[in-house]
Amino acid sequence: MTFHKAEFGDWGARAALMIAALMLMGAPAHAQQLPHSLRDALLGHKGQGEARRAPAPPVARYVSETGGAFVFDQAAPRPLIKFDNSAEIWVLQAQPASRGDVIYRNDLGEPVLRVTKLGGIILFTDDAPMGAAVALSGRAQSIQPPAMLSFNVFVQRVRIATARASRAAQRDIEFATVQDVRPETSVLAADTATIVAEAFERMARKGDRSLISGIARVLLAEGHKPSASLKDGALTITYSPEQGLAGRPSSKRIIKVINR
């Protein structure tokens, strides 16, 4: 692999990120004991006569009745959610719903969370499309990324993403930046690479490896609107620094493009 690096002021020197696949071991999953009050969490109260419960911390960890756990960050500029078994941070859009509830949707418009008027939370996933009750586990640290990355950390993040994508596709995948990556765009560019890896791994787990095995290059391009396109074996992912963390497509949107 080859990177061109001068001083930090020249951090954005164009890096042709040609990285060989690396075998990486995932972090061990931490088993969580499911709270016994999931029905109460779903309804938002413990009994007919009990008043609205105290609000949850702005950044908190939750466990669903299906066993999955996640961090919901409402202190960030846009609501964020990150599941324990994934490196992807999802940016959500709040939408008012009936009975005073609020639905949080992903960039495809799909419901991810429903927060009831009384404070209960329902989680929607591919495995639980009708919703699963969620219980508060405790406070958590913000999942909002830092403002910028050092050159070395950026290179490491993209190297890891490249290795993951290559392993999922069972072939070497070349990652390349179309424009110079600057300190102020480093976080979003690296995060975009991570989301591509998440998309590749999800497709491989579902048996769609044949679709990603035809992709030879991933191009990370800066633009005004987040998007994804696939042409002649090159997957181009456009990220928009103007929109912050919301300025890159989610893994689900990338998968949708690859599946066309």
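The values are calculated or read from the model by the stated rules, or taken from the named source; none is laboratory data. What you are looking at is a predicted structure, and each value in this text was computed from that prediction instead of being measured. For neighbour counting, all protein chains shown are included, and Cβ atoms are generated from backbone atoms with ideal geometry for every residue, glycine included. Accessible surface areas use protein heavy atoms only, side chains included; no ligands, DNA or RNA. Shrake-Rupley method; radii C 1.70, N 1.55, O 1.52, S 1.80 Å.
Annotations
- Under the condition of being open to solvent by 70 Å² or more (accessible area, probe 1.4 Å) and touching a residue at least 24 places away in the same chain (Cβ under 8 Å), the residues counted in the range 144-159 number 5.
- Residue ID - nearest to PRO145 (Cα to Cα), chosen from residues in the range 178-187 that are crowded, with 18+ Cβ neighbours inside 10 Å and not polar (S, T, N, Q): VAL187
- None of ALA163, ALA190, ALA168, ALA199 is under 17 Å from PRO145 (Cα atoms) and either buried (at least 18 other Cβ atoms within 10 Å of the Cβ) or touching a Ser or Thr at 6+ places or on another chain (Cβ under 8 Å) (or both) except ALA190.
- Taking residues in the range 125-140 that are closer than 16 Å to LEU92 by Cβ, and partners anywhere that are at pLDDT 95 or above and outside any strand (DSSP E or B), the pairs with Cβ atoms closer than 7 Å and at least 6 places apart or on different chains are GLY131/PHE124.
- Of the residues VAL112, VAL158, the single one that is out of contact with any Lys or Arg (no Cβ under 7 Å at 6 or more places or on another chain), modelled with pLDDT of 95 or more, β-branched (Val, Ile, Thr) and not in a loop (DSSP other than H, G, I, E, B) is VAL158.
Yes/no matrix, rows are residues, columns are (1) open to solvent by 60 Å² or more (accessible area, probe 1.4 Å); (2) in a strand (DSSP E or B):
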{"site": "SER210", "(1), (2)": "yes, no"}
{"site": "ILE215", "(1), (2)": "no, no"}
{"site": "LEU219", "(1), (2)": "no, yes"}
{"site": "ALA228", "(1), (2)": "no, yes"}
{"site": "LEU235", "(1), (2)": "no, yes"}
{"site": "THR238", "(1), (2)": "no, yes"}
{"site": "LEU245", "(1), (2)": "no, no"}
{"site": "ARG253", "(1), (2)": "yes, no"}
{"site": "VAL257", "(1), (2)": "no, no"}
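Yes/no per residue for (1) hydroxyl-bearing (Ser, Thr, Tyr); (2) touching a Pro at 6+ places or on another chain (Cβ under 6 Å); (3) over 24 Å from MET203 (Cβ atoms):
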residue	(1), (2), (3)
PRO58	no, no, yes
VAL71	no, no, yes
ALA75	no, yes, yes
PHE83	no, no, no
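- Residue within the range 125-143 that is hydrophobic (A, V, I, L, M, F, W, C), out of contact with any Lys or Arg (no Cβ under 7 Å at 6 or more places or on another chain), assigned by the TED database to the domain that holds GLY68 and loosely packed, with under 15 Cβ neighbours inside 10 Å present: yes
- In the range 32-59, residue modelled with the highest pLDDT [restricted to those that are more than 17 Å from LEU118 (Cα to Cα) and under 27 Å from the mean Cα position of the chain (by Cα)]: VAL59
- Any chance ARG167 is over 18 Å from the mean Cα position of the chain (by Cα) and in a helix (DSSP H, G or I): yes
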